[in-house]
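The values are calculated or read from the model by the stated rules, or taken from the named source; none is laboratory data. Note that the coordinates shown come from a computational prediction; the quantities given were computed from them, not determined experimentally. Ideal geometry is used to build each Cβ from the backbone, glycine not excepted, and the neighbour counts take in all protein chains shown.
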Protein chains: 2
Amino acid sequence: MNTLSYGLLSLLNRNSRTGYELMQHIQPFWQAKHSQIYPLLAQLEQKGHVQFVHVPQSDKPDKKVYSLTELGREALRQWILKPTDEPVTRDELMLKVYCIGLVDRDQARKVIEDREVFYRQRLLKFEKSYEQLQQNCEKRLDELGLQDPQFSHYVLLHKALARVKGDLAWCDWVKAKL
Amino acid sequence: MNTLSYGLLSLLNRNSRTGYELMQHIQPFWQAKHSQIYPLLAQLEQKGHVQFVHVPQSDKPDKKVYSLTELGREALRQWILKPTDEPVTRDELMLKVYCIGLVDRDQARKVIEDREVFYRQRLLKFEKSYEQLQQNCEKRLDELGLQDPQFSHYVLLHKALARVKGDLAWCDWVKAKL
DNA sequence: ATGATCATGTAATAAGTTACATGATTGT
DNA sequence: ACAATCATGTAACTTATTACATGATCAT
């Protein structure tokens, strides 16, 4: 059982989903392609951590809707208590910045500006999610309790938003220096 | 040529280093073990991007000090101009938080507090680097120019520091909610 | 004595990406 | 026409981790 497998169980604890949907929704926390997810789901099913129902569709291709079993839920609880792996970040930009003196001001500026565009798109996406969360939630977000199904989504969005804003501020700060 | 290979060249552009040192110094930007780095250095040497001198040592094991060739420096310049890959972050904690409602308050608190310890250690390490940078740099850090060899180090430390501080603030904020 | 740091390397495995494969619907 | 989205899966390949291997100093 690797981390991604537990990640899939973690998402399924909230909603029953297809492999395709899992692939889309796990992206902010863990980048993975469908080719990695489908085999893992088959493994999890064999272990009895998840089960699926085959749902035929006429307009779109048929799908398999996976759901978490009680065994899977217990595995999740055990996993949470185990020591958490250190976060891994691999950012090509940081490696480029380390030798940015090799190119001239304009070229250096462009490297940063391209990343800024990427961060701004992310910010928009996260802000959209934030609005959606507020809409389908009658309570005030900051009053949500631990047991509330929306709670952790809110907590994660808060982190993601703070981080992108920080990253954008850095882009701005460093551009002024170039 | 993968990103890590360019990363090694990027470090070597600043200082000539051994594989062991490269392994240590690339960690903040790109997590890689020595078993990945040594074979890549051999490849880079065959391509003529780096060269090395064998340095015998009496107390410690002998070492190979690698340095960047002009061919390697030119490869770096080309790489900087190519589109930059999106950053990849894989954080088990985020996946755990997504299903944190499965455990009780105290257990949830501990998950966050463990990560807080990790972030605080990082903060200390970065702050130490910051002091070191200030010591062997007669100019004021914020007046450093693009060509200054210390410039990008300062720019990267600034980002790393801001990020850890943000992450710690999030831990604090979320703990108050649990 | 036991583990940590320095220093290099290879072998085996696991994890992740890209490419191949199919096929309908919807929008430009 | 052409690309995008939905939906699943496998095969080939690259990348990254863990384990194996050696061996000297230094601190606890």
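Given B:167, B:142, B:148, which one is within 30 Å of residue A:117 (Cα to Cα), at the interface with chain A (Cβ under 9 Å from one of its Cβ atoms) and outside any helix (DSSP H, G or I)?
Step by step, each of B:167, B:142, B:148 is checked, and only B:148 is within 30 Å of residue A:117 (Cα to Cα), at the interface with chain A (Cβ under 9 Å from one of its Cβ atoms) and outside any helix (DSSP H, G or I).
Can you tell me which residues in the stretch B:151-164 are more than 8 Å from chain A (Cβ to nearest Cβ) and farther than 26 Å from residue A:144 by Cα?
B:154, B:157, B:160, B:161
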note = Exactly one of B:66, B:38 is out of contact with any strand residue (DSSP E or B) (no Cβ under 7 Å at 6 or more places or on another chain) and either more than 22 Å from residue A:99 (Cα to Cα) or surrounded by 13 or more Cβ atoms within 10 Å (Cβ to Cβ) (or both), and that residue is B:38
remark   = The correct count of residues that are over 21 Å from residue A:157 (Cβ atoms) and within 15 Å of DNA strand C (Cβ to nearest atom) in the stretch A:10-29 is 3
request  = Determine which single condition residue B:11 fails, assuming it passes every other condition in (1) touching a residue at least 24 places away in the same chain (Cβ under 8 Å); (2) closer than 24 Å to residue A:87 by Cα.
outcome  = (1)
query = Taking interchain pairs and intrachain pairs at least six residues apart, which have beta carbon atoms under 7 angstrom, with the first residue in the stretch A:77-106 and touching a residue at least 40 places away in the same chain (Cβ under 8 Å) and the second assigned to a loop (DSSP other than H, G, I, E, B)?
reply = A:105/A:178; A:105/B:146
ask   = Out of the stretch B:51-69, which residues are within 10 Å of DNA strand C (Cβ to nearest atom) and in a strand (DSSP E or B)?
value = B:52, B:54, B:55, B:63, B:64, B:65, B:66
key: Pair list, Cβ under 8 Å, 6 or more apart: the stretch B:120-149 residue among the aliphatic types (A, V, I, L, M), other residue not in a helix (DSSP H, G or I)   = B:133/B:150; B:141/B:150; B:144/B:137; B:144/B:150; B:146/A:178
inquiry  = It is to be established whether one or more residues within the stretch B:36-47 are within 15 Å of DNA strand D (Cβ to nearest atom), of a type in the set (Gly, Ala, Ser) and at pLDDT 95 or above.
reply    = yes
